[in-house]
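Worksheet for the structure shown next.
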Amino acid sequence: MKSVFLKYILVFSLIILVSFLMLSSIVSVSIDEYASDARKRDVILMGNIATSLIEEEYGITPDTTLEAVVSENKDDLTRTFRSLTTHASGIGFLLTDMAGNVLIFHGLNVNSGTKMNTAYISRAGEDGSYIETGNLGGILHQAHIVCASPVKDVTGEQIGALFSCSSTSEEDALLAVLNKSIFLSNLWIMIAVIIAVDLIVERFLTPLREMNQAAKDFAKGKFDARVTVTGKDEVADFAMTFNQMAESLSQSERLRSTFLANVSHDLRTPMTTIAGFVDGIRSGAIPPEKRDYYLGIVSEEVHRLSRLVSQLLDISRMESGVQKFHQEKFDICEVTRLALISFERQIEEKQLCVELDCAEDAMQVYADRDAMHQIIYNIVENAVKFSRSGGLLRLSIQPGERGKYEVVIYNEGEGVPAEDLPYIFDRFYKTDKSRGLDKVGVGLGLYIAKTILNANDERIWAESEEGKYCAFHFTVRASN
C-alpha cells in the first residue's frame, strides 16, 4: 500500500517541480525583459541629455580639444553627471576623446590606465548612437547596459564619445530574490501537498486495507468482517457495496449451513423410517397383516425423498440455464383449480375456508403450463402449511397492468415476521426455524417460484402481518 503513496508523491512532486521551473523561467524572462527595456530607455535618455548639455554648455570649437574642456570644467561636469544620476539611479557616465583616452567618469568602476578601443568611439559617430550590453572591452569591471553617443563641436565634427552605463546587478539581485521566493513558496507547497496526499491516500487506502483483510477472512470462511464507511464519495459507495456483498456472503453461508442441517434431517428421517420398517418386515417383527400399512408409509417417505431430489435438480437446471420453458396458451384458472385440488386432504384437516376469485370464467395466459402449475403449487403448499385452523385461504386472479394478470394467494395464519420478509425468496430460507410447522420443507419452494418467474420477466412479491395474514402476488402475461 505504501507504493501507492509513493507514486502519488512522485507524481505530485514532478508536477510541482515542472511548474516551478516553468514559472521561474517565465517570470525571470518577463522581468528581465521589462527591467532591461526600462533601463535601456533610461540610459538612452540620460545619455542624450548629458551629450546635449556638454555640447550646448561648452560650445566646443575646432581650436579647442575635448581634453582641455574637461580639464577646465571637471567639477562642473561632475556636478552635472551627479545631478542626472539623481533622476535615474544606477546610471554612470564615461567621456573619452577620439583617441580612446578616458577623460572623466562618474558612478562607474573603471579599470585605471585602460584605454578605450576606438572602434566603440567610431561606431558612435557612424551610427549616431547605439546601445549594447558589455564592459566596453575591459574598461568597466562588470557588464553594463551601455549607450554610446557622439560628442561634437560647433561644426558638427565628432571630437569624442559619451558612454552612459547602467549596471545589471540590480536586475540580477531582483531575479535572485524572486527565484528564491518562488522556490520557498514551492517548497511550502510541496510540504503541504505531501501532508494532503498522505491524508487523502490514507483515507483512500484505509477501506482498501480493510477490504483486503476482509477478503482474506472470507477465504478462511469468516464472513463477519465489515468495512468502516465514512463520507459520501465514491470510496464510501464502494465500501457500502463491499459490505452489502459481505452481508450477502454471510447470508449465503448461513443459508448453506441451514440447508445442510435441513437436508441432513430430511434425508436422515425418511431413510431411518424406511430402514426401520423394511428391517421390521424382513425380521418378522411387523406382522403380515400390518405390512401393507407400513409399506404405505415407506412409499410416502420414498416419494418425499424423490420430491426433495427433484427440487434440487430443478434448481441446478435453472441456475445453469439448462431448463427451457415452453410457452403456450392456457387457462390459468384451470391450472389454479388443479393445484388447489392437490391439497384437498390438508385443507379438510385444517378446515380452511377456500375462495377462488377469477375475474372471468376462463383467463388465457401465455406461459409454461408446467412451470406455472409448479409456482402455484409451491405457494399454495406454503399457504396451507402456515394457515391457522378454520382460517381463510383465498386465490384471486385479476387483470393487472401492461397486459398482465395478477395472481394473489392469501392465507390467514402465522404470517411472516417483518425481519424475515426480505429473505423469504432466498434459497434454503425457512421462517419456521424451530420446524414446529414446517417439518418437511427445506426452503426451496418460494425460491423455485421466484427463479421461474424472473426467468420469464415476471414479478413476485409478498405482503404480511405477523400473526394475521400473508399474501403472495405474482404476474403472468395475458394471451392476446
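Would you mind working out the magnitude of the charge dipole of the range 119-214 relative to its Cα centre, with +1 at each Lys and Arg C-beta and -1 at each Asp and Glu C-beta, to the nearest 20 Debye?
360
Angle, helix 2-58 long axis vs. longest principal axis of the chain, Cα atoms, 0 to 90°, nearest 10?
The angle comes out near 20 degrees.
Sorted by mean Cβ packing within 10 Å, highest first, what order do the peptides 145-158, 389-402 take?
Packing proxy ranking, top to bottom: 145-158, 389-402.
Would you mind computing the Rg to Rh ratio of the range 344-429 from its alpha-carbon coordinates, Kirkwood style for Rh?
My calculation puts Rg/Rh at 0.99.
If you average the C-alpha positions of the range 347-369 and of the range 124-153 separately, how far apart do those two centres end up, in angstrom?
Spelled out, the Cα-based centre of one part sits 115 Å from the other.
Greater than 20 Å separation of Cα atoms is the criterion. Which listed pairs, K40/K115; K74/K152; K7/K220; K324/K450; K40/K152; K350/K385, meet it?
K40/K115; K7/K220; K40/K152
With +1 assigned to the C-beta of every Lys and Arg and -1 to the C-beta of every Asp and Glu, and no other charges, what is the dipole magnitude of the chain about the Cα centre in debye, to the nearest 20?
So the magnitude is around 2560 debye.
Over the Cα atoms of the range 2-173, what is the Rg over Rh ratio if Rh follows Kirkwood?
Radius of gyration relative to Kirkwood radius: 1.23.
Helix 74-87 versus the longest principal axis of the chain: what is the Cα-based angle in degrees, 0 to 90, to the nearest 10?
Long axis of 74-87 versus the principal axis of the chain: about 20 degrees.
Using only alpha carbon positions, build the gyration tensor of the chain, then give the equivalent ellipsoid semi-axes as the square roots of 5 times its eigenvalues, largest first, whole angstrom.
Taking √(5λ) for each eigenvalue gives 113, 25, 17 Å, largest first.
Nearest 500 deg cm²/dmol is fine: what mean residue ellipticity at 222 nm does the chain get from its DSSP H runs of n ≥ 4 alone, each adding -39,500 (n - 2.57), divided by its residue count?
Helix contribution divided over all residues of the chain: -19500 deg cm²/dmol.
Give me the angle, in degrees from 0 to 90, between the Cα long axis of helix 332-341 and the longest principal axis of the Cα atoms of the chain, rounded to the nearest 10.
50
Kindly provide the pair-distance distribution of the range 126-197 built from C-alpha pairs, with 5 Å bins from 0 and whole-percent values in order of increasing distance.
It works out to 4, 13, 14, 13, 10, 9, 7, 7, 6, 5, 5, 3, 2, 1, 1, 0, in whole percents.
S83 to K180: extension gain in nm, 0.36 nm per residue of separation minus the Cα-Cα distance? Provide the component values of the computation, followed by the final result.
Values: separation 97, 0.36 × 97 = 34.92 nm, distance 3.50 nm.
Stretched out fully, the S83 to K180 stretch lengthens by 31.4 nm.
Taking amide hydrogens as modeled 1.01 Å from N in the peptide plane, which residues meet the under 5 Å criterion relative to I104, leaving out close sequence neighbours?
The answer is L95.
Return the distance in nm (one decimal) between the two label points of a simple spin-label model at K7 and K324, each offset 7 Å from Cα along Cα→Cβ.
Once both label points are built, they end up 4.8 nm from each other.
Can you pull the one-decimal nm distance between simple spin-label points at A215 and K115, each 7 Å off the Cα toward Cβ?
Going by the 7 Å Cα→Cβ label model, 8.7 nm.
What distance in nm lies between label points placed 7 Å from Cα along the C-beta direction at L45 and V278?
Here the modelled spin labels are 12.0 nm apart.
Relative contact order for the chain: what is it in percent, counting Cα pairs under 8 Å that are at least 6 residues apart?
The normalised contact order for the chain reaches 10 percent.
So who's got an amide H within less than 5 Å of the one on R388, skipping anything under 5 residues away but keeping other chains? H placed 1.01 Å off N, in plane.
E412, G413, E414
Bear in mind these aren't lab numbers, they're just calculated from the coordinates by the rules spelled out. Keep in mind that what you see is a predicted model, and the values were worked out from it rather than measured. Note that each Cβ is placed from the backbone with ideal geometry, even for glycine, and that neighbours are counted across all protein chains shown.
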